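Heads up: the structure comes next, in structure tokens.
Just so you know, all these numbers are worked out from the coordinates, no wet-lab data involved. Remember, it's a predicted structure, so these values are computed and weren't measured experimentally. Backbone-built Cβ (ideal geometry, glycine too); neighbour counts: all protein chains shown.
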Amino acid sequence: GGKGEFIKNIEKELISKNIDVAVHSLKDVPSVKTKGLRMECFLKRNDPQEVLINKENLTLDKIKKNSVIGTSSLRREFQLKHLRPDLIFKLIRGNIDTRIKKLDEDQYDSIILAKAGLMSLSLENRISEVFECKRIVPPAGQGTIVIQSREDDEKLNSILSKINHFETSIEAKVERKILGVLEGDCNTAAGIYANVKSNKVSIIAELFSDDGNKKFTFKDECKIDEALNIAKKAGDDLKKQFEMNK
């Protein structure tokens, strides 16, 4: 049933009061809010960057022409195609260990993964190149753990508020606001990244046409208290660009 189905089943347990909190990888959570539940507690963000992995330890510009790249993400495929149009993309499934095994068995020349996942498994030594977020824009919520609870559980929500990481919560809400305006989910070919420094938020978002040939971009920087309004503007702007270029 896909990632959304998996999360839906966890949410049912929460609503039924069989569990008190649910812990999710934010990038997998659908952008539509579930009635009666809240997501206001975000742990400090892990590294949101994307990485390239291959056995030769080559960077993207050094891998051979017509290399086969394994990914299950249209966004990643479209982003890399804009940098290297000669590359060939092949679907890859499975967890991180499975994907690396398939790479080692020469089913692919390179694969692209989230850095945070590799770090959690102490596999940083396999990384051939780390992509800056402005070069390969990650998906909304990448590297972020969110804790979901029931809206009416005031005692628990008070406890959770004490472990919420403020900067991460701003970044998460901005990114998900843009995704929500786009009516997107974890399969939408969009890169969305917000970064809080001091009292400023820098936003970069990109959306691809259905065939991936066109890329629509939005960039801005604003104060924290303006961020959600700018996020809505970003989503509206990208939607407009997309519609105009259909």
Straight distance only, please: which lysines reach the Cα of Lys8 with their own Cα at less than 19 Å, same-chain residues fewer than 8 apart left out? Lys17, Lys27, Lys33, Lys35
Residue of Asp211, Asp104, Asp47 that the Gaussian network model of the chain assigns the largest fluctuation, springs spanning Cα pairs under 10 Å: Asp211
Find, to one decimal place in angstroms, the Kirkwood hydrodynamic radius of the stretch 10-82, where the mean of 1/r is taken over every pair of different Cα atoms and then inverted. 16.3 Å
Length released on extending from Lys239 to Thr98, taking residue separation times 0.36 nm less the Cα-Cα span: 47.2 nm
What relative contact order, as a whole-number percentage, does the chain give when Cα pairs under 8 Å and 6 or more residues apart are counted? 25 percent
If you line up the long axis of helix 166-181 against the longest principal axis of the chain, both from Cα atoms, how many degrees apart are they, to the nearest 10? 70 degrees
In degrees, nearest ten, helix 227-244 long axis to first principal axis of the chain (Cα): 50 degrees
Let a ≥ b ≥ c be the square roots of the eigenvalues of the Cα gyration tensor of the stretch 48-142; is it rounded (a/c under 1.5), or, if not, prolate (a/b larger than b/c) or oblate? rounded
Quick check: Cα centre of the stretch 205-225 to Cα centre of the stretch 52-127, how many Å? 23 Å
Roughly what angle does helix 2-15 make with the longest principal axis of the chain, taking Cα atoms, 0 to 90 degrees, to the nearest 10? 20 degrees
5 angstrom amide H check on Ile92, placed H, neighbours 5+ away: Thr71, Ser72
CD proxy, 222 nm, the chain: helix-only mean residue ellipticity via -39,500 (n - 2.57) per DSSP H run with n ≥ 4, per residue, nearest 500, stands at -10000 deg cm²/dmol
Ordered by packing density, taken as the mean number of other Cβ atoms within 10 Å over each peptide's residues, highest first, how do 74-82, 221-229 rank? 74-82, 221-229
Given the options Ser31, Ser120, Ser67, state which has the largest fluctuation in a GNM of the chain using a 10 Å cut-off (strictly under) for Cα springs. Ser120
